[in-house]
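Read the figures in this text as sums done on the coordinates, not as results from a lab. Quick caveat, the model's predicted, so the values are computed rather than measured. Here the Cβ positions follow ideal geometry from the backbone for every residue, glycine too, while neighbour counts run over all protein chains shown.
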Amino acid sequence: MANEEINQIEIRGVNKNFAIDKKSVDVLKDINLEFKRGEFVCIVGASGCGKSTLLRMLSGLEPVEQGEIVIGGEKVLAPSLKTGMVFQESRLFPWLSVEKNVEFGITRSKAKRSKPADKKKVVENLIQLVGLKGFEKAIPKQLSGGMQQRVSIARGLINNPEVLLLDEPFGALDAITKINMQNEILRIWESERKTMILVTHDIDEAVYLGDKVVVLSSRPGSVRKIINVDLPRERDRSSPEFAAVCSKIYKEFFKDAKIKEPEYYI
């Protein structure tokens, strides 16, 4: 229990800018966040506020030039086995089967240390975990969009990361598939108890999934508010309590937006 109270992730004074057409564009400004081990955190904000950039910095895919990010007591300087990443697009190799796409995620260093039988067992277990048993030999074009994302999640977990980062993984799915996948990622989270950080535009999704929701301001993104979601699981999207949490987030989300707040959540 004591380990659960330790901050697993610390983001300290992070700023980010990009050079666009020889001009410096501020993307993130003074980001300070702390996440505990095993938390499910959702990050919401307007398009272009730096949500995905922050996720890429957590993964080591984007360099931290100002400030620092610490995961498990170590600064993030490059991609590592501490984090797994799931993108909005499944990014599967179309010529590889489900099991080969999942296996491809094993890092070279880990692959060298693993026996073929061990790798096979890990892949089998993950395919079963994401609900694709029986589709091991299928190629991506034979799978639905939701099934392809299940493969991506399995590949993100293949190196047994401490943290799974999800960049709008359900954004391109239809409404019913999206709800099913939300329930699937919750099932996996409850089974594996990985720390999960999910970026989304969908406030309903954030409240349904998250232990806490981080609301970023418009660009340059800064932390406008952190809202704890103190609702029991399994959450009822139609309940007044659920709507009340959504309302809190909408009020923050639209403070600097020039559009009217939806009346449903007022």
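Here are some notes:
- Between PHE93 and LYS141, the contour length at 0.36 nm per residue exceeds the Cα-Cα span by 16.3 nm.
- Taking the DSSP bridge list for the chain and keeping only pairs wholly inside it, about 55 percent are antiparallel.
- Exposure proxy shown here: for SER152, SER97, the number of other Cβ atoms within 10 Å sets the order, fewest to most, as SER97, SER152.
- A simple charge model with +1 on the Cβ of Lys and Arg, -1 on the Cβ of Asp and Glu and nothing else charged puts the dipole of the stretch 144-244 at about 240 debye relative to its Cα centre.
- The chain - percent relative contact order, Cα under 8 Å, separation 6 or more: 24 percent
- For the stretch 43-110: rounded, prolate or oblate by the Cα gyration tensor [a/c cutoff 1.5]: oblate
- Dividing the summed helix terms, -39500 (n - 2.57) for each DSSP H run of n ≥ 4, by the number of residues in the chain produces a 222 nm estimate of -10000 deg cm²/dmol to the nearest 500.
- Computed E for LYS121/GLU68 - FRET, C-beta separation, R0 41 angstrom, nearest 0.05: 0.65
- For the stretch 79-214, the equivalent ellipsoid derived from the alpha-carbon gyration tensor has semi-axes of 24, 18, 12 Å in decreasing order.
- Which of TRP189, TRP95 has the fewest Cβ neighbours within 10 Å, and the rest in rising order: TRP95, TRP189
- Only Lys, Arg, Asp and Glu carry charge here, each on its Cβ (+1 for the first two, -1 for the last two); on that basis the stretch 26-91 has a dipole of about 240 debye about its Cα centre.
- Selected from GLN88, GLN66, GLN149 as most flexible by GNM, with the chain as the system and alpha-carbon contacts under 10 Å: GLN66
- Relative to the longest principal axis of the Cα atoms of the chain, helix 145-157 runs at roughly 80 degrees.
- Label zone at ASP30, where the point sits 7 Å out along the Cα-to-Cβ direction: the stretch 211-255 residues whose backbone N lies under 15 Å: 217-218, 220-225
- Chain lengthening between ILE20 and SER47 when straightened (0.36 nm per residue, less Cα-Cα): 8.0 nm
- Alpha-carbon spread of the chain, three principal axes, descending order, Å: 54, 46, 43
- Taking a ≥ b ≥ c as the square roots of the eigenvalues of the alpha carbon gyration tensor, the stretch 174-228 is oblate, as a/c is not under 1.5 and a/b does not beat b/c.
- Vicinal HN-Hα couplings computed from phi for the stretch 161-172 (Karplus, 6.51 cos²θ - 1.76 cosθ + 1.60; Hz; Gly/Pro x): x, 6, 10, 10, 9, 10, 9, 6, x, 10, x, 9
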